[in-house]
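Trainee: Please find one structure pasted underneath; my questions will follow.
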Amino acid sequence: MMRLAVALFALSLTALTGQPPSGTPAAAQPQRGRGGRGGVQVMTLTSSAWSDGGQIPAKYSQATGDVSPPLAWSNVPDNIAGFVLVAHDLDAAVNPGTDDLLHWLVWNIPGTARSLPEHVPQGATLPDGSRQISATGPNYRAPGAPASGPPHHYVFELYALDAAIDVAAVGASPAQTRAAVMAAMAGHVRAKGVFTGLYKRP
């Protein structure tokens, strides 16, 4: 499954930026980004709730409600206009081969932000102007993989953008909103950070 995570990371990064991730051999990488900039920078995305690749505590699962984990990031490029956070379950196919289960999409996070607090409130638009949605509504959808199978991989991807994106917080399905946000991001990704957690019901 970790190979799947790496493969999807590479595909999403290439689709949004036109460049492969930093692990791609140097000879195969473009030498410059759009507008004469360098390639996509790697940010560090972490949580005080669990270590990267570790078990997600029950507090942040469907067992106790939809409580979003605290997140923090660093190594951010200069002149960032905003961030987009995508949290999804790599092992839950919604449209096989094209999409997986969206647990959280937060966009228009201010460029000055370096963290999200624990338990972000519900609502399509947050006080700082951020917008959010998940497969079940305008909120974080906690992990809930069944106990009968292996743990699922829940991946949090943070993108730093050099331009604001204008996608409405309401009026479309979660899948359509996700597609619209990803399309608006294309060509504007300056950096990306990835953080993963594992979970299945006890």
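Trainee: Taking the residues in the range 47-69 that are over 28 Å from Ala179 (Cβ atoms) and surrounded by 14 or more Cβ atoms within 10 Å (Cβ to Cβ) as candidates, determine which candidate is modelled with the lowest pLDDT.
Mentor: Of everything passing the filter in the range 47-69, Ala63 is modelled with the lowest pLDDT.
Trainee: Right, next: Can you spot a residue in the range 189-200 that is assigned to a loop (DSSP other than H, G, I, E, B), in contact with a Lys or Arg (Cβ under 8 Å, 6 or more places away or on another chain) and either loosely packed, with under 14 Cβ neighbours inside 10 Å or modelled with pLDDT of 95 or more (or both)?
Mentor: Taking the range 189-200 first, the residues assigned to a loop (DSSP other than H, G, I, E, B) are 200.
Subset that is in contact with a Lys or Arg (Cβ under 8 Å, 6 or more places away or on another chain): none.
The answer is no, given that none of the residues of the range 189-200 is assigned to a loop (DSSP other than H, G, I, E, B), in contact with a Lys or Arg (Cβ under 8 Å, 6 or more places away or on another chain) and either loosely packed, with under 14 Cβ neighbours inside 10 Å or modelled with pLDDT of 95 or more (or both).
Trainee: Go through the range 155-179 and give me each residue that's out of contact with any Phe, Trp or Tyr (no Cβ under 8 Å at 6 or more places or on another chain) and within 18 Å of Gly129 (Cα to Cα). Explain how you work it out, then say what you get.
Mentor: Of all residues in the range 155-179, those out of contact with any Phe, Trp or Tyr (no Cβ under 8 Å at 6 or more places or on another chain) come to 162-164, 166, 168-179.
Asp162, Ala163, Ala164, Asp166, Ala168, Ala169, Val170, Gly171, Thr177, Arg178, listed by residue number.
Trainee: Shifting gears a bit: Go through (1) of a type in the set (Ser, Thr, Tyr); (2) in a loop (DSSP other than H, G, I, E, B); (3) at pLDDT 95 or above one by one and return the number of the condition Ser148 breaks.
Mentor: (3)
Trainee: Which numbered condition trips up Leu126, out of (1) more than 15 Å from the chain's Cα centre (by Cα); (2) more than 20 Å from Val189 (Cα to Cα); (3) in contact (Cβ under 8 Å) with a residue 24 or more places away in the chain?
Mentor: Result: Leu126 fails condition (3) only.
Trainee: Take the residues in the range 165-174 that are modelled with pLDDT of 90 or more and surrounded by 15 or more Cβ atoms within 10 Å (Cβ to Cβ), then tell me which one is nearest to Gly137 (Cα to Cα).
Mentor: By that ranking, first place goes to Pro174.
Trainee: Going by the conditions given, is Val84 among the hydrophobic types (A, V, I, L, M, F, W, C) and part of a loop (DSSP other than H, G, I, E, B)? First the steps, then the outcome.
Mentor: Values: among the hydrophobic types (A, V, I, L, M, F, W, C): yes; part of a loop (DSSP other than H, G, I, E, B): no.
For Val84, the condition - among the hydrophobic types (A, V, I, L, M, F, W, C) and part of a loop (DSSP other than H, G, I, E, B) - is not met.
Trainee: Let me confirm something: among Ala164, Ala160, Ala180, which residue is within 19 Å of Lys192 (Cα to Cα), under 14 Å from the mean Cα position of the chain (by Cα) and touching a residue at least 12 places away in the same chain (Cβ under 8 Å)? Show your work before the answer.
Mentor: Details: Ala164 fails: under 14 Å from the mean Cα position of the chain (by Cα); Ala180 fails: under 14 Å from the mean Cα position of the chain (by Cα).
Exactly one residue qualifies, and that residue is Ala160.
The values are calculated or read from the model by the stated rules, or taken from the named source; none is laboratory data. Fair warning: this is a prediction, and the values are worked out from it, not measured in the lab. No Cβ is skipped: glycine too gets one built from the backbone with ideal geometry, and neighbour counts run over all protein chains shown.
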